[in-house]
Amino acid sequence: MDISTKNTDAPPPSPQPSVVEQKRASRGATRPGDRIFLGLSRGSGILLLVIMAAIAAFLTYRASLAISKDHGNFLTTFEWNTSAVPPDFGIAVLAFGTVVSSIVAMVIAVPIAVAIALFLTHYAPRRLSGPIAYVIDLLAAVPSIVYGLWGALVLVPHMNGLFGWLDSYLGWTGIFEWQGGAPRSMLTVGILLAIMILPIITNVSREVFRQVPQMHEEAALALGATRWEVIRMAVLPFGRSGVISAAMLGLGRALGETMAVATVLSPTFEIQASLLDPGGGTFAQNIASKFSEATEFGRDALIASGLILFVITLLVNGAARAIIARRKEYSGANA
């Protein structure tokens, strides 16, 4: 047979799985424990989707009953009067207060939490980092009503000095202009929320920084980098997606916080240009303060505002997932 007549264009034979791989595949397909675990995990995921869909359907149905009878525009109205004929209510003030107080809390909490996490993982000795981490864990377990009582009895009376200083040096901006009223404002709420979300962001960021590969840090040190340069070039890039996730967890609590905000804030349906002026409101605070006295229609209106908060939370989490997906090149640094 002529060798030149052989078909040299035929694809190479596909590699056959080894005997060990075949045994593992057969055992995985027949083991009862694997089948049970697969069913439980799949069922848990489906159950979570069903619960989320049920919550969304309930909120949408009850909200539609109230919005259909609203005299004004639900998204832009500055009043909340569900007992009027026709009713006139809206979420403009609530949306503004929720977003502003959460932004203030994030601006204050995130840098401090990341700094604490870096201190505990790269600067503090072990005998000091352990007790500090334990105290931070305890702060995360404090009930929100305790934070609210502390804020009302301790934080608010001691905010006059800070408000006066901000008014003296930054009052010209309009954002920090103070008319001398009680310091039950959005800035006070933001500071209180920052204290509440600080343990969450710190704990998650600390665990992320601990996962930085030791070889990366040692390589940076071998090149002559200082400790800060090691953190800047090796630690922070690796932990960026984790810090974003931690910040989103803190933001979720800040958006939905109820009792602490209701205890500290003086609620009004006015949008204040200054963070130091008393007044404003948030979704959760408005629902908590009005739900017990509301009529059936009033409760539907409050549920409608809860639907908006539900949508905002979903959008925030979706944005966080998109940011983390763009930074996924750092997530495999430990491989």
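Structure summary
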item: Exposure proxy ranking, count of Cβ atoms within 10 Å, fewest first, for GLU270, GLU177, GLU296; result: GLU296, GLU270, GLU177
item: Cβ-Cβ FRET estimate between LEU65 and SER129, R0 fixed at 56 Å, reported to 0.05; result: 0.55
item: Qualifying chymotrypsin sites (Phe, Trp or Tyr not before Pro) for the stretch 226-335 [loop in DSSP, other Cβ within 10 Å: at most 14]; result: PHE291
item: Sparse-neighbourhood loop sites, chymotrypsin sites (Phe, Trp or Tyr not before Pro) in the stretch 98-188 - DSSP loop, at most 13 other Cβ within 10 angstrom; result: TYR123
item: Computed over the chain: relative contact order in percent, which uses C-alpha pairs under 8 Å that are six or more apart; result: 24
item: Cleavage-rule hits, chymotrypsin sites (Phe, Trp or Tyr not before Pro), the stretch 36-84, DSSP coil, Cβ neighbours within 10 Å at most 16; result: PHE78
item: Contour minus Cα-Cα distance for LEU153 and ALA56 (0.36 nm per residue); result: 31.2 nm
item: Choice from MET52, MET259, MET106 showing the highest fluctuation, given a GNM over the chain with Cα pairs closer than 10 Å; result: MET52
item: Span from the the stretch 89-132 Cα centroid across to the the stretch 168-188 one, whole angstrom; result: 22
item: Reference-scaled alpha-carbon Rg (2.2 N^0.38 Å with N residues) for the stretch 130-186; result: 1.53
item: Per-residue Cβ neighbour rank within 10 angstrom, fewest leading, ILE271, ILE136; result: ILE271, ILE136
item: Estimated inter-spin distance, ILE175 and ILE271, nm [label 7 Å along Cα→Cβ]; result: 1.6
item: Listed residue (ALA92, ALA133, GLN214) projecting farthest to the positive dipole end of the chain, Cβ model; result: GLN214
item: Magnitude of the charge dipole, the chain, Cβ model with Lys/Arg +1 and Asp/Glu -1, debye to 20; result: 1340
item: Three-way shape label, the chain, alpha-carbon gyration tensor, a/c 1.5; result: oblate
item: Span-rule helices in the chain, defined as complete DSSP H runs reaching 18 Å or more along the axis (Cα) with Kyte mean at least 0.0; result: 32-67, 92-122, 126-140, 186-210, 236-256, 296-326
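Taken together, the values in this text are just the output of simple stated rules run on the coordinates, not laboratory data. Here the structure is a predicted model, which is why all the values come from computation and not from measurement. Cβ coordinates were reconstructed from backbone atoms using ideal geometry, including for glycine residues, and neighbour counts include every protein chain displayed.
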